[in-house]
């Protein structure tokens with residue numbers, strides 16, 4: 001699991017039980033959005049992802 005604060009929003013990136021890398025964001029009310037796949041296709045990650053915000057971009061790193 002990786003957490004990052006980007007654009008005044010808290011993001012989480014996790015590896016789902018099937019290995020897919022998914023992300024969600026915390027809404028202004030404190031609830032979490034529905035998870036969605038990271039990238040244009042389902043990505044299978046090995047191990048836990050890492051996330052960081054830099055230069056107005058959210059970066060998620062993972063090992064394939």
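The values are calculated or read from the model by the stated rules, or taken from the named source; none is laboratory data. Just so it is clear, the structure is predicted and the values come from calculations on it, not from any experiment. Cβ placement follows ideal geometry from the backbone for every residue including glycine, while neighbour counts extend to all protein chains displayed.
Beta carbons closer than 9 Å, at least 6 apart along the sequence or on distinct chains, pair a first residue in region 20-31 that is over 25 Å from residue 45 (Cα atoms) with a second that is part of a strand (DSSP E or B) for 27/9; 28/9.
Taking region 45-60 as the range and being on the phi > 0 side of the Ramachandran plot and in contact with a strand residue (DSSP E or B) (Cβ under 6 Å, 6 or more places away or on another chain) as the test, only 47 passes. Remark: residue 20 falls outside the filter, which requires a residue to be at pLDDT below 90 and exposed (fewer than 11 other Cβ atoms within 10 Å of the Cβ). Please find, within region 24-54, the residue that is modelled with the highest pLDDT out of those that are loosely packed, with under 13 Cβ neighbours inside 10 Å, part of a loop (DSSP other than H, G, I, E, B) and within 12 Å of the chain's Cα centre (by Cα). The selected residue is 34.
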